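S.K.: To start, I am sharing the structure in question, which I have written as structure tokens.
Every number here is computed from the coordinates shown, using simple stated rules; none is lab data. Keep in mind that this is a model prediction, so the values were computed, not measured. Cβ atoms come from the backbone with ideal geometry, glycine included; neighbour counts cover every protein chain shown.
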Amino acid sequence: MFRILEAEVLADKTYKMVVEAPNVAHACEPGQFLIVRAHEESERIALTICDYDRGKETVTIVFQTIGESSYKIAELKAGDCFADVVGPLGNPAEYVKEPIEEVRKRHYLLVGGGLGTAPVYPQAKWLKEHGVDVDVIIGTKTKDTLIMEQEMIDAVGEEHVFVTTDDGSYKRHGMVTAVIEDLVKNQGRKYDKCVSIGPMIMMKFCVKMTKELGIPTIVSMNPIMVDGTGMCGACRLVVGDEVKFACVDGPEFDGFLVDFDGAMKRMKLYKTEEGRRLLEYQEGNTHKGNCGKC
Amino acid sequence: MAIEVDMMKKVPVAEQDPKVRAKNFDEVCLGYTEEEAKTEATRCLQCKNPRCVEGCPVRINIPGFIEKIKNGDNAGAYEIINEASSLPAVCGRVCPQETQCEGVCIRGIKGEAVSIGKLERFAADWAREHGIAPVKTSEKKGKKVAVIGAGPSGLTCAGDLAKMGYDVTIFEALHKAGGVLVYGIPEFRLPKDEVVAKEIENVKSLGVEIKTDYIIGRSETIDELMDNEGFEAVYIASGAGLPMFMHIPGEQALGVYSANEYLTRANLMKAYREDYDTPINKGNRTVVVGGGNVAMDAARTALRLGSDVTVVYRRSEKELPARAEEVHHAKEEGIEFNLLTNPVEILEDEEGAVRGIKVIKMELGEPDASGRRRPVEIAGSEYEIECDTVIMALGTSPNPLISSTTENLETNKRKCIVADEETGTTSRPGVFAGGDCATGAATVILAMGAGRKAAKGIDEYLSK
């Protein structure tokens, strides 16, 4: 039984849940993800791991409602159970397996965009706990969509957290790329490694900036997948002219090598079908996809 | 009511009408009635040196069980089959009998071979319908064995070991046990609830525990199983692995699937049913690339979802690796075959979605390493097929999850786990492997055969 112990709304359409999942909690590391199924008839949905507690055998997930399946997950309450929680999936962040004294020589810049702030959190926490210098940039649309600011401050210290909003409604005004540029060019901060997680378009531009600044950058890809163990190939993407599977080769890749445009194109794959199903779920079975408008 | 019988020919088996079944997911072949099975059983010559048994990867006593059916002792027939096979209702449906037991049947020299597969299916279905299940052994060895993967190989190995008295736990990565029997082979060929789930229940009734949602290589490693959890031997039966693509232009376009993805959505996730949430692209015009059983399954699934379907295969009809029955059924249902044809490019529209596939005609040249004549492109023969969905059914390459997390586990140059064919022994003491993860993609029955041999190998190892 994968019981939900806590369920809360973090922001508009953004939910956080603490779930009993011993097999995941015992083994997961920053960088990895999991797959859930809400009910017996539900889709397998890949979600990022936002936190874990090995002692309590729980994991924390943060997700947004975008399609029918995520709405169904959001309807679950504390005390309910997921039909399935499986993981950890994907490879841990590369520093987890490296000699820690090597990792400590580096200054890390973590960039979380929107929901991507959630998977950045365990990375920030891990690095800080292992004595590694780390700055975190959180980018979000507007003040109301900001998540996990306090957790991040608690993890790495207020002076290391930089929040920016697209509309300037809270703290800095502008994109994460402007913050990166400011920190490096105006404030004299030096970074040896950047980890960027967020919407594909944000990662694309983030990488463009870090490339200019000469900061090697890791990005985390979350394409559509079915099994998450290498079997289906739905999550394939082109990295440095090679076809890779995000689930077994990733989800983290060298951002300088990822074909973002190709990956964004593939993201559209189930949009119409999924959108159709969402409308059907919310408004009844009135949209059959034949009208050409939905 | 006796059935008239031409001893040269198989008693025909009832099937759903092709026009009807092309629109539903119900089983195509309806199986023999008791009377038909009895009649077909009279065609068996009861050979002294039965070649059919040699042709069976799990060595079922075929004349033995057929004799029982002839005499009306169906329970006895099931008992004989069950000594050798843990999944008889599955094998009767999906084994390539024409190249195995039936391929060497003496009856087949002058006429048609005895319909061994259909008789096996009859006995297994009869037992299930009459509530007969294998019984748990009372003798316990007090030794724990872990099996990785609840597909045909893992289930067979686990079943055999449980019969010998071992405590067996199967670790399955997906949310459902069955492996390719649930994610790959479609409902219309192998019903999931009535047949597969019941066969798995039978394995469980032998005392086997199955843990789903449990990924060895991620949640836990093989070393942890052996060092921390007291498993004295491990059988790796993790299956085929990562789908292959052709590496031609346009393969990342929207509407290009691996057969694995397409079939997993349809079968495991039941995307063809309105009451399940997983989406599937119901194309209008689908091209399936490949000629194996998986290609046939994908093609026939797409057809049932409402698409016109063309199979593109680079060799000729004779080389099609699929079971003869599947090709025959596919054709009956209206699937087109463009043989001696190979894709060169997938064509995209301005949105990046598939709008067609450019193919080239081939001719057969000199035999290659596999002994089959190598297909060679005919220069200038390219043409386009209009389509909105392309399904690549080209086979798989091994999954790195276990080999990359288990030290000193030897793999070959194709990245398959090196395992002794007779015992399943690997380079690691106590660790055995078999099925697709060791051989590369093959058949259900070969994987089961490997599972049986490994069970013997493990028993010998643990009895030392």
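S.K.: Cα centroids of segment A:151-191 and segment B:76-144: how far apart, whole angstrom?
M.R.: Value for the Cα centre distance between the two parts: 67 Å.
S.K.: Oh, and also: Out of every Cα-Cα pair in segment B:267-360, what percent are more than 15 Å apart?
M.R.: Result for the distance tail: 62 percent.
S.K.: Identify which of A:Ile137, A:Ile147, A:Ile100 has the largest mean-square fluctuation in a Gaussian network model of chain A, with springs joining Cα atoms closer than 10 Å.
M.R.: Comparing A:Ile137, A:Ile147, A:Ile100 in the GNM, the peak value goes to A:Ile100.
S.K.: For chain B, what is the charge dipole size about the Cα centre, in debye to the nearest 20, if Lys and Arg each add +1 at the Cβ and Asp and Glu each add -1 at the Cβ?
M.R.: 1100
S.K.: Could you run the Karplus curve 6.51 cos²θ - 1.76 cosθ + 1.60 with θ = phi - 60° over segment A:183-189 and give me ³J(HN,Hα) per residue in whole Hz, x for Gly and Pro?
M.R.: Along segment A:183-189, the couplings run 4, 7, 7, 9, 9, x, 7 Hz.
S.K.: Taking the dipole about the Cα centre of the protein assembly as shown, with the C-beta of Lys and Arg at +1 and of Asp and Glu at -1, give me whichever of A:Met221, B:Gly154, A:Leu257 is farthest to the positive side.
M.R.: In the protein assembly as shown, that residue is B:Gly154.
S.K.: Straight distance only, please: which aspartates and glutamates reach the Cα of A:Lys125 with their own Cα at less than 12 Å, same-chain residues fewer than 8 apart left out?
M.R.: Partners found: A:Glu29, A:Asp51, A:Asp133, A:Asp135, A:Glu151, A:Asp154.
S.K.: Pull up all non-local amide H partners of B:Ala233: gap of 5 or more, or a different chain, and H-to-H distance under 5 Å with H placed in the peptide plane.
M.R.: B:Ala146
S.K.: What order do you get for B:Tyr183, B:Tyr272 when you list them from fewest to most C-beta neighbours inside 10 Å?
M.R.: Ranked by crowding around the Cβ, least crowded first: B:Tyr272, B:Tyr183.
S.K.: So which trypsin sites (Lys or Arg not before Pro) in segment A:127-185 pass both tests, a DSSP loop state and at most 13 other Cβ atoms within 10 Å of the Cβ?
M.R.: Filter output for segment A:127-185: empty list.
S.K.: Related question: Within straight cross-link reach of B:Lys48, meaning Cα distance under 18 Å, which lysines are found once same-chain residues fewer than 8 apart are removed?
M.R.: B:Lys68, B:Lys70
S.K.: Rank B:Met244, B:Val195, B:Phe231 by how far each Cα sits towards the positive end of the charge dipole of segment B:192-345 (+1 on Lys, Arg Cβ; -1 on Asp, Glu Cβ) and give me just the farthest.
M.R.: Of the candidates, B:Met244 comes out farthest on the positive side.
S.K.: Using alpha-carbon pairs under 8 Å, 6+ residues apart, how would you state the relative contact order of chain B in percent?
M.R.: Reported relative contact order: 15 percent.
S.K.: At a temperature of 20 °C and a viscosity of 1.002 mPa s, determine how fast segment A:91-148 diffuses translationally according to Stokes-Einstein, using the Kirkwood radius over alpha-carbon pairs as Rh; express D in µm²/s, rounded to the nearest whole number.
M.R.: 176
S.K.: Still on this structure: Among bridges DSSP assigns within segment B:245-394, what percent are antiparallel (round to 5)?
M.R.: 50
S.K.: Please give the calculated 222 nm ellipticity per residue for chain B, where each DSSP H segment of at least 4 residues contributes -39500 (n - 2.57) and the sum is spread over every residue; nearest 500 deg cm²/dmol?
M.R.: -9000 deg cm²/dmol
S.K.: Give the long-range amide H neighbours of B:Val344: residues separated by 5 or more places, or on another chain, with amide H under 5 Å away, using H modelled in the peptide plane at 1.01 Å from N.
M.R.: It is B:Lys358, B:Val359, B:Ile360, by chain and number.
S.K.: Percent relative contact order of segment A:172-220, based on C-alpha pairs within less than 8 angstrom and at least six residues apart?
M.R.: Relative contact order of segment A:172-220: 40 percent.
S.K.: Next up: Please turn the phi angles of segment B:165-179 into ³J(HN,Hα) values with the Karplus equation 6.51 cos²θ - 1.76 cosθ + 1.60 (θ = phi - 60°), one per residue in order, whole Hz, x for glycine and proline.
M.R.: Going residue by residue, I get x, 7, 8, 10, 10, 9, 9, 10, 6, 7, 7, 9, 7, x, x Hz, with x marking Gly and Pro.
S.K.: If you average 1/r over every pair of different alpha-carbon atoms in segment B:14-129 and take one over that average, what Kirkwood value in Å do you get?
M.R.: Here the Kirkwood hydrodynamic radius works out to 14.3 Å.
S.K.: Could you work out the helix-only [θ] at 222 nm for chain A, with each DSSP H run of four or more residues adding -39,500 (n - 2.57) and the total divided by the number of residues, to the nearest 500 deg cm²/dmol?
M.R.: Rounded to the nearest 500, it is -8000 deg cm²/dmol.
S.K.: I would also like to ask the following. Scaled to the compact-protein estimate 2.2 N^0.38 Å, what is the alpha-carbon radius of gyration of the protein assembly as shown, rounded to two decimal places?
M.R.: The protein assembly as shown yields a ratio of 1.01.
S.K.: Give the residue from B:Ala123, B:Pro63, B:Ile106 lying farthest towards the positive end of the charge dipole for segment B:14-129; charges sit on Cβ (+1 for Lys and Arg, -1 for Asp and Glu) and the dipole is referred to the Cα centre.
M.R.: In segment B:14-129, that residue is B:Ile106.
S.K.: Under a 5 Å amide H to amide H cut-off, with H placed in plane at 1.01 Å, what residues pair with B:Arg355 once short-range neighbours are removed?
M.R.: Result for B:Arg355 returns B:Leu347, B:Glu348, B:Asp349.
S.K.: Helix hunt in chain A: which complete DSSP H runs extend at least 15 Å axially by C-alpha with mean Kyte-Doolittle at least 0.0?
M.R.: For chain A, where a helix must reach 15 Å along its axis and average at least 0.0, the hits are A:200-213.
S.K.: How would you rank B:Arg372, B:Arg300, going from fewest to most other Cβ atoms within 10 Å of each one's own Cβ?
M.R.: In order of increasing Cβ crowding within 10 Å: B:Arg372, B:Arg300.
S.K.: Let me ask you something else. Tell me, A:His39, A:His130, B:His329 in order of fewest to most beta-carbon neighbours within 10 Å?
M.R.: Fewest to most other Cβ atoms nearby, the residues stand as A:His130, A:His39, B:His329.
S.K.: Which pairs break 28 Å Cα to Cα here: B:Lys19/B:Lys361; B:Lys141/B:Lys415; B:Lys136/B:Lys192?
M.R.: Among B:Lys19/B:Lys361; B:Lys141/B:Lys415; B:Lys136/B:Lys192, the Cα-Cα distance tops 28 Å for B:Lys19/B:Lys361; B:Lys141/B:Lys415.
S.K.: Next question, about the same structure. For segment B:14-129, what relative contact order do you get, as a whole percent, if you take Cα pairs closer than 8 Å and at least 6 residues apart?
M.R.: 29
S.K.: Restricting to bridges with both residues inside chain A, how much of the DSSP beta-bridge set is antiparallel, in percent to the nearest 5?
M.R.: Roughly 60 percent of the beta bridges in chain A run antiparallel, per DSSP.
S.K.: Of all the C-alpha pairs in chain B, what % are more than 30 Å from each other?
M.R.: Summing the P(r) of chain B above 30 Å gives 48 percent of all pairs.
S.K.: Mind putting a number on the dipole of segment B:245-394 about its Cα centre? Charges go on the C-beta only, +1 for Lys and Arg and -1 for Asp and Glu, and I need it in Debye to the nearest 20.
M.R.: I would put it at about 520 debye.
S.K.: Starting from the Cα of B:Lys358, draw a straight line to each of the lysines and keep only those under 27 Å, dropping any in the same chain fewer than 8 residues away.
M.R.: A:Lys244, A:Lys265, A:Lys268, A:Lys271, B:Lys282, B:Lys318, B:Lys331
S.K.: Then there is this: Roughly what % of DSSP beta bridges within the protein assembly as shown run antiparallel, to the nearest 5?
M.R.: About 50 percent, rounded to the nearest 5.
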